[in-house]
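Only one structure is covered here, and it is reproduced in the block below.
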């Protein structure tokens, strides 16, 4: 096995930057088997549940310290009318989910179900408002329904539906992908629509709302420019950004059984996230030099061809070591840009795209991506350390990306956390790290497989799981280790 060299130097930044826990958020859309036959099986199900939501999924997400959950979409959000999903379930109208498979949606999982789930998880809800086919009054009523504790038509209706106290929802997305499934709008038109909606978004509870505009797709910097230029900055808290690691939208390649060429091309797209944040941030700085308007990457992850035999509209795919690489690298990128990125949402939580959980009847498995999110959760609310890295390139067919990715943080007790990914499918990385200070002990875990196609199945649910990593050598402030090929490592250091 061939070996390459990587060196890393950690240092305190000139200005303290906190890694928001909300970078580790998730996304639950009414798409395929994410909600129905995923999260929600109904109260009459033989699968153990709480108010119809699977208990095993609740416990799995609790272990991730899931900070927020985005709902009900996605493209579905701009066809969703929230009033259809409250009140007695037997009286709720049905609709057709025209975006995802043309299936009938019976609205049995609605606002109460979702917000109560978030309370159980200890997660902040992030609601996506219907701008594409909705009206301003619909959003006003939703905010009043969820947030107002006084007397009003909507709070009265909420109480009649079984919820006395408001949920006080803070995070609101004003439309989704307005440039595409949210209305195919021009940025100028959407900026005006956003201003109209935002004008009437009162918090009702005395708590200011956090308003997130429908931002750009990948490298559409003009969209960001127009929104930053035309939306007053006291009306918007953040712009969204969507970027998927897709080889080719017309031929996305298989989720398993992929070639190294597929592997490299997917990671190349994932690595783009770094330059996207830098370049969108530069546009935002032009109009907002004090960095008051933040970036929310509320859809990201790998996107492949669906599993053979599954509904093409359900976007069900397996999750391999490749996905662990995408997750580890992307989370390192977000951490390193924590001054700009304050929230992100992996797409999606259950049974869709780069899911952390897959279900099949009563069975549930945790994916390699789940394990990376669990390993990295120790960064949440930590203070970022700057990482200067010198690493070889992983090259294929004349293209290249950095082999090793890193991020580091220090928590309130002084414990240092370093997370590393080695993207190369066959080369280990002999690595040295200058930790910036002397430490007396470390603990470590590693996630790796025997090949980049390795994954957990319902027959072999423990094939890819984190294992203890003990082979690093610590000498004061210097650490030396060999990072296995295609692996993710988390190391924690106790100060002297």
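The values are calculated or read from the model by the stated rules, or taken from the named source; none is laboratory data. Model, not experiment: these values are computed from the prediction. Cβ atoms come from the backbone with ideal geometry, glycine included; neighbour counts cover every protein chain shown.
What to note about this one:
- Residue in segment 246-266 that is in the same structural domain as residue 70 (by TED's automatic domain parsing), over 21 Å from residue 320 (Cα atoms) and in a loop (DSSP other than H, G, I, E, B) present: yes
- Residue check for residue 116: surrounded by fewer than 21 Cβ atoms within 10 Å (Cβ to Cβ), touching a residue at least 40 places away in the same chain (Cβ under 8 Å), out of contact with any helix residue (DSSP H, G or I) (no Cβ under 8 Å at 6 or more places or on another chain) and within 24 Å of residue 144 (Cβ to Cβ): yes
- Residue list for segment 203-251, restricted to those being at pLDDT below 95 and closer than 21 Å to residue 271 by Cα: 247, 248, 249, 250, 251
- Some residue of segment 128-148 being in a loop (DSSP other than H, G, I, E, B), under 20 Å from residue 29 (Cβ atoms) and within 21 Å of the chain's Cα centre (by Cα): yes
- Test: residue in segment 268-282 that is touching a helix residue (DSSP H, G or I) at 6+ places or on another chain (Cβ under 7 Å), over 27 Å from residue 15 (Cβ atoms) and not assigned by TED's automatic domain parsing to the domain that holds residue 426: yes
- The residues in segment 306-342 that are buried (at least 24 other Cβ atoms within 10 Å of the Cβ) and farther than 27 Å from residue 484 by Cβ can be counted, and the count is 2.
- Residue in segment 261-274 that is more than 30 Å from residue 328 (Cβ to Cβ), out of contact with any strand residue (DSSP E or B) (no Cβ under 7 Å at 6 or more places or on another chain) and crowded, with 20+ Cβ neighbours inside 10 Å present: no
- Residue 313 being closer than 30 Å to residue 209 by Cβ, more than 16 Å from the chain's Cα centre (by Cα) and in a helix (DSSP H, G or I): no
- Candidates 55, 107: the one that is closer than 27 Å to residue 180 by Cβ and in contact with a strand residue (DSSP E or B) (Cβ under 8 Å, 6 or more places away or on another chain) is 107.
- Here is the figure for segment 193-212: residues that are touching a residue at least 40 places away in the same chain (Cβ under 8 Å) and outside any loop (DSSP other than H, G, I, E, B) total 7.
- Some residue of segment 277-287 being closer than 17 Å to residue 198 by Cβ and surrounded by fewer than 20 Cβ atoms within 10 Å (Cβ to Cβ): yes
- Scanning segment 279-294 for residues that are in contact with a strand residue (DSSP E or B) (Cβ under 8 Å, 6 or more places away or on another chain) and more than 11 Å from residue 227 (Cβ to Cβ) yields 281, 294.
- For segment 23-51, the set of residues classified as outside any loop (DSSP other than H, G, I, E, B) and either touching a helix residue (DSSP H, G or I) at 6+ places or on another chain (Cβ under 9 Å) or in the same structural domain as residue 433 (by TED's automatic domain parsing) (or both) consists of 23, 24, 26, 40, 49, 50, listed by residue number.
- Being without any contact (Cβ under 8 Å) to a residue 40 or more places away in the chain and over 18 Å from the mean Cα position of the chain (by Cα) is a condition met by at least one residue of segment 54-73.
- Of the strands (runs of 3 or more DSSP E) lying entirely inside segment 378-465, those containing at least 3 residues that are touching a residue at least 12 places away in the same chain (Cβ under 8 Å) are 383-390, 399-402, 404-410, 416-422, 428-434, 439-447.
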